[in-house]
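For reference, the structure discussed in these notes is given below.
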């Protein structure tokens, strides 16, 4: 059943900004505020219109690579959400460097930065944004003195938008946490190390007025009339779902599976085309709120302690909050927020029951349950088809799901044939069957030895296939390969 799952690029960017803010432990308007400030800073620094536009877009997409390296961040700092929040809030000044210090950067930091920047740059490219935006996102952690990460660029070699957004972000976070005066002091302390001192000098006199405007009852970014025409182009909503799923390797393709099952099940049940399309879109974004929960909780075996359960219960709440901020996705995000509700009132976050659940939400909720059961977790194997079938029927009998919804979904789930990889578009290199098998394995987070065991080949052969996959997909990290493969329909 075909869908027009496209949305405006501007709405996709807003959704990715929302997810990024959750990933960084920031208020969900952080990126919006930073983008507005970045535009004002760039204008005050007499940047040309294209540079002002790039600064705004970079600010909105600055954290779009956060889901991709969440597991690496969790391995490094335990809590990937609060760890990032603490890093952004740090008042510790950074010493100015005379020479780059690449050798002093831990390998883990280099790896995380590489993943983040590659994903953010690829997203900008997919969205059709300008070269200035893409270049700045691929160098988002570089600094004026060469002491950033990976520390390969410095001075004028760093894209201007990188500096503008770094300064805007510092001013937004520090003024919110420590007050305006301290924010300016901290920014001046980073002048000529993180960003050029001239940029700080140019904007400092205007910062009090800008912050007052930001804190006004009506935020200045609510009007979108000044968005360039490129923001009105269309992009598949699948991109947002794929970025959401990057947070956890074992969730690769999860949002697409939920969306497809919910759509096809609702069609089998006789819902009209408009409702089926809305159900599909809601399934793609039902996991927006997952970015707010640390990977350590997602990867922990059940039963979870009360504090962890409470964070999980807020996942659909944050998805619902997205509906209030992203105009073009408001209906779908509201439906998506019912993904964990149950008809007997035992679900969350609202505890709605019976007819208080929209029918599209009921299909998304049942589809999410089926896909969850059929997905391997770090602490348990996937349920067999028979086991998942029994569980779904038990839930229907207990009143947690509508039996008619479950019957329609199960009829679809039991009849699905394996999907064939998409035919490569013109200019794209095709992957061999073995390369696709290796790609599917690494997309789920399996390491070289695990892939070798699963496919009955040597680790050396696995590494050779991975290298070829990276060359053909024009990427250098597992996360980037996964996102590109998902976007192209290869996995």
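The values are calculated or read from the model by the stated rules, or taken from the named source; none is laboratory data. From a predicted model like this one, the values you see are computed outputs, not experimental measurements. Don't worry about glycine lacking a Cβ; one is built from the backbone with ideal geometry, like all the others, and counts go over all protein chains shown.
Side notes on the structure shown:
- Residue in the range 388-403 that is outside any helix (DSSP H, G or I) and under 19 Å from residue 252 (Cβ atoms) present: no
- Pair list, Cβ under 7 Å, 6 or more apart: the range 29-58 residue closer than 14 Å to residue 160 by Cα, other residue not in a helix (DSSP H, G or I): 50/130; 53/228; 54/130; 57/129
- Within the range 327-376, the set of residues being over 22 Å from residue 406 (Cβ atoms) and surrounded by fewer than 24 Cβ atoms within 10 Å (Cβ to Cβ) comprises 327, 328, 330, 331, 334, 349, 376.
- Residue check, residue 29 assigned by TED's automatic domain parsing to the domain that holds residue 88 and out of contact with any helix residue (DSSP H, G or I) (no Cβ under 8 Å at 6 or more places or on another chain): no
- Checked against (1) crowded, with 18+ Cβ neighbours inside 10 Å; (2) in contact (Cβ under 8 Å) with a residue 40 or more places away in the chain; (3) under 22 Å from residue 105 (Cβ atoms), residue 166 meets all criteria but (2).
- Of the helices (runs of 4 or more DSSP H) lying entirely inside the range 223-285, those containing at least 1 residues that are over 20 Å from the mean Cα position of the chain (by Cα) and buried (at least 20 other Cβ atoms within 10 Å of the Cβ) are 254-268, 273-284.
Per-residue answers, yes or no, for (1) surrounded by fewer than 13 Cβ atoms within 10 Å (Cβ to Cβ); (2) at pLDDT 90 or above; (3) within 20 Å of residue 122 (Cβ to Cβ):
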| residue | (1), (2), (3) |
| --- | --- |
| 45 | no, yes, no |
| 58 | no, yes, yes |
| 64 | no, yes, yes |
| 83 | no, yes, no |
| 88 | no, yes, no |
| 102 | no, no, no |
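- Scan of the range 68-83 for residues that are out of contact with any helix residue (DSSP H, G or I) (no Cβ under 6 Å at 6 or more places or on another chain) and either assigned to a helix (DSSP H, G or I) or within 12 Å of residue 479 (Cβ to Cβ) (or both), ordered by number: 75, 81, 82
- Only one of the numbered conditions (1) at pLDDT 95 or above; (2) out of contact with any helix residue (DSSP H, G or I) (no Cβ under 6 Å at 6 or more places or on another chain); (3) farther than 16 Å from residue 24 by Cα; (4) surrounded by 13 or more Cβ atoms within 10 Å (Cβ to Cβ) is not met by residue 116, and that is (3).
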